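So the structure is just underneath, and the comments pick up after that.
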Amino acid sequence: MNNWPAGGAGEMLKLVAALPDQMRGSARLEGLPEVQPVPGLRRAVLCGMGGSAIAGDLVQPLLESGPASLQVWRDYGLPHWIGTADLVIAASYSGNTEETLTGYAAATARGCPRLAITSGGELLTRARADGVPAIVLPGGLPPRASLGWGLGALARALGRLGLAANAPYAVEAAATVLARADAARCRPWGDAVATAPAQDPDGNPPVADLARELAGRVPVIYTCGGESHAAGLRLRAQLNENSKVPALLAAFPELDHNDLVGWCLDPGDRERFVLLVLRAADEHPRTSLRVRLTLELLAGQFAGVFELRGGGGDALARVMSLVQYGDYLSCHLAGLAQVDPVPVERIVKLKDALARAQNP
């Protein structure tokens, strides 16, 4: 992985390449040994936004045979149905995400058991003052580039809580798969885009080639099963933040009841859109049939249609393989557009405006 591009593009590529190392390193995080089973636990809810929340979606395969569910709450406060038998996991990389802090406060007021996952900030201060277990992530990263730490912390915590017995093995196995795929997905760069792209280990288009197909177009993401839905959420967010482009997202089978009808573009507009279909090993047979029939009905509506799959022997590995592919894709697309993937200026401006509104 030599010949990195200068500036932010190279920095984000390095952070994407660190994903498997972060996942492995999560076994040694401060505060993880404090996490213990919660007697009488009914379910868990993860309060978070953006890159901190997505871990709760990505770890769902680990919970399929567990005794309790994990739901992700992306809003202020808590849903009305959360009570004292429910564990509230407050996840905020910075520790200062205002929506997450209101969820933590609501959990405190309701007497819920709590767990914090953060690198510091107000959330860590409150957790320590309240005697609440807190898993401390390394700081100083863009939140979306700390996914390996956050996902690893959450998965291992779920294992210690007794909700996902094989979590440590699954995290290590997924990290191994990502490390093997990394060399093919991050190639030497020239003129800000990858040259001599390698064959993708999962049979997907080489990342650099697909980035060229997407350049100047709007990505449309269709997901086809449980293993692909969370990866689709992550891909859309990474295209937004790293590539600075809009992206559309819809899921089978729901999209066949609405989105399917909307693609009636004039021929001149069809070149503006590329369809990415994220396939999953856990697709229902009828969903697989729907994918084939839907693509036949939409033939000619897009400049290109590409099916993407994750690799690995178990569900978490396949999910994270799709995530890794999408993360690299967003960086390559940023390189083609000559934009710096690191800054998120509008988010910073919004947070500043919110702070001023609270403290005029």
key: Residue match in the range 187-202 (condition: buried (at least 19 other Cβ atoms within 10 Å of the Cβ), modelled with pLDDT of 95 or more and either assigned to a loop (DSSP other than H, G, I, E, B) or among the polar types (S, T, N, Q) (or both))   = no
task = Being more than 20 Å from Leu13 (Cβ to Cβ) and out of contact with any strand residue (DSSP E or B) (no Cβ under 9 Å at 6 or more places or on another chain) is the filter here, so list the residues in the range 204-253 that pass it.
result = Gly216, Gly226, Pro253
ask   = Restricting attention to the range 64-77, and to residues there that are in contact with a Leu (Cβ under 6 Å, 6 or more places away or on another chain) and at pLDDT 95 or above, which single residue is surrounded by the most Cβ atoms within 10 Å (Cβ to Cβ)?
value = Leu70
query = For the subset of the range 30-49 comprising residues that are among the small types (Gly, Ala, Ser) and at pLDDT 95 or above, which member is surrounded by the fewest Cβ atoms within 10 Å (Cβ to Cβ)?
reply = Gly31
inquiry  = What's the total number of residues in the range 305-335 that are more than 17 Å from the chain's Cα centre (by Cα), within 17 Å of Ala183 (Cβ to Cβ) and small (Gly, Ala, Ser)?
reply    = 1
ask   = Only one of these conditions is not met by Asp352: (1) in contact with a helix residue (DSSP H, G or I) (Cβ under 6 Å, 6 or more places away or on another chain); (2) of a type in the set (Asp, Glu); (3) farther than 30 Å from Gly226 by Cβ. Which number is it?
value = (1)
message = Looking for something acidic (Asp, Glu), under 30 Å from Ala106 (Cβ atoms), surrounded by fewer than 18 Cβ atoms within 10 Å (Cβ to Cβ) and in contact (Cβ under 8 Å) with a residue 60 or more places away in the chain - is there at least one such residue anywhere in the range 10-29?
response = no
message = So the check is Cβ under 8 Å with 6+ separation or different chains; which pairs have a first residue in the range 320-342 that's buried (at least 24 other Cβ atoms within 10 Å of the Cβ) and a second one that's of a type in the set (D, E, K, R) and outside any helix (DSSP H, G or I)?
response = Ser321/Asp202; Leu322/Arg309; Tyr325/Asp200; Tyr325/Asp202; Ala334/Lys244; Ala334/Asp340; Pro341/Lys244
message = On the basis of being among the acidic types (Asp, Glu) and free of Cβ contacts under 8 Å to residues at least 24 places away in the same chain, does Asp130 make the cut?
response = yes
ask   = All but one of (1) within 21 Å of the chain's Cα centre (by Cα); (2) at pLDDT 95 or above; (3) in a helix (DSSP H, G or I) hold for Glu227; which doesn't?
value = (2)
ask   = In the range 78-123, what count of residues is obtained for those that are farther than 21 Å from Gln358 by Cβ, among the hydrophobic types (A, V, I, L, M, F, W, C) and surrounded by 17 or more Cβ atoms within 10 Å (Cβ to Cβ)?
value = 10
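The values are calculated or read from the model by the stated rules, or taken from the named source; none is laboratory data. Values in this document were obtained by computation on a predicted structure and should not be read as measured data. Cβ: placed from backbone, ideal geometry, glycine included. Neighbour counts: every protein chain shown.
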